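Data first, discussion second: the structure below is written as structure tokens.
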Amino acid sequence: MSSASGMIAESRVGRGRRSYEPLRALRAVVVLVVVGYSVLHLGYSLFHYSIFSDRAVSGDTYRAFLETIEWKRTGTLPPSTVLYPPLYYLILLPLTNLEFQDVARVLYFTQFILYYFSVILMGKAASETGTSSAMDYLIVAVLTVNFQPFLETLAMHKVEGIELFLICLAIYTFRRKKDVLTGSLVCVAANLKYLPGILGVYFLLKREFKVVRGILGMLLFCLIILIPAFGISGLWTYVIQHPLMLLFGHHYEGTRPEASLEFQTLTGTINRLFVGSTGMVEHIRTSGYVHVPHAQLAFLIAAILKIGLTGFWIYLIRRSWRVSQRDTQWVFYLLEISLTLILIFVIAPSSRIHYAILLLPAFVITGLVLFHNPHVFQWEEKLLFALSYSLTAVIIPGGLLNRLPPSPLWGHKYSLVYYWMSLPFYGYLILGFCIILCYKRLCRSRGSQSFSGNLSCSPSQLMTPSLPPR
């Protein structure tokens, strides 16, 4: 009897192995197709992007270079005319003896190297166990090379590529409990452009006071080295007035810059909702800006939504104060940091397309969390993630079929209509919703039936290991 039951069990195992083999083969084929497409996409993009482009393509980078030359010649850099925070000009200062084409080469290859290390850091930092597999790095690489803001930032020599590296390094050092260094890195990133400064608010809400001390210490150091060049009044503008102007907006007439199609933010999206089809067609025909009827009303609606969504984000972070075991519950920190990066595009009134490279860590983190917890998540989270990534990164390169920079996706009706509909911004919101669902699903899987439905979970719930469904 026992031998008969053993034969039945063995036959079942054999059938299970035979049924699993085609699944493994299919998975291998899918991986090969995705990797092959990613390699072709990256190669095609690098071949067609004008990497050492003229001044029109480099845009504000060229302007910052000219301002740095003027600073070197006169010894002054008026805050009213500068485009970036002063620290960026210190980076460009050693390059002022070169021609701009040579500067473009230096920035291009430097950022390409930084992207490589960013991929490594994201693969290491996004691992809950502290170890990463080859598949983790492959997922990170695929999500990166198909991310349109990554390609734009690389081709146009934007400083956001350096910010991406600093943010990835800050997440990595925070995982290793080097909190003061983490704060210093966040401060340096915010001193290149202000947007990453929102991470400082996150660490303050999480009561990570060592990180906050690192931010304040590096800020003090930056102020000390910048006082000789800018003076007290200039640094007041740089530290206080300019960030407040960027946060709350400085144009009410509904033309520049919030109405630009390229600014995929909450303010820009609300402004575009007030533009009729005639205005959209006129915009496509002429320039990058539109006239928004009732601009004051649009501004008020956007301000109310900003306050509401920011308050909701603060509520979520406050509710998760009990989640303080950084080693055992690292995944929850990662998801919260990802939500914080998305909040940048809710708060900021203007944000060009390449700014969205700061969302790349959020996409990588969410993708790896979904990959490492296949028994926890349902099809809803996976569908939302695929949709958000498509709207933000994949559909945009459809414009590559028209033409790549030096006219990056502009001058073509396909791309302009796409931006006029604010589809990238809706992709950001969908990613945020996906992250919240992932957070709640992980809480349930690691907890019990007593989960209350809030975003946060108690330590006792979180310490319960995740079990696959029966």
Problem set entry | Residue order, fewest to most surrounding Cβ atoms within 10 angstrom, among Asp327, Asp60 | Asp327, Asp60
For this session: Take Val145, Val140 and order them by how many other Cβ atoms sit within 10 Å, fewest up front.
Result: Val145, Val140
For this session: Provide the packing ranking of 35-41, 380-386, i.e. peptides ordered by the mean count of other C-beta atoms within 10 Å per residue, highest first.
Result: 380-386, 35-41
Problem set entry | Rounded to whole Hz, the Karplus (6.51, -1.76, 1.60) HN-Hα couplings of region 346-363, x for glycine and proline | 7, 7, 5, x, 9, 7, 6, 4, 5, 4, 5, 4, 5, 7, 4, x, 5, 5
Seminar exercise, completed: Exposure proxy check on Ser127, Ser45, Ser388: fewest-to-most Cβ neighbours within 10 Å is Ser127, Ser45, Ser388
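A short reminder: the numbers here are calculations on the coordinates, not readings from a lab. These numbers were taken from a predicted model, which means no experiment stands behind them. Because the Cβ atoms are built from the backbone with ideal geometry, glycine has one as well, and the counts that use them run over all protein chains shown.
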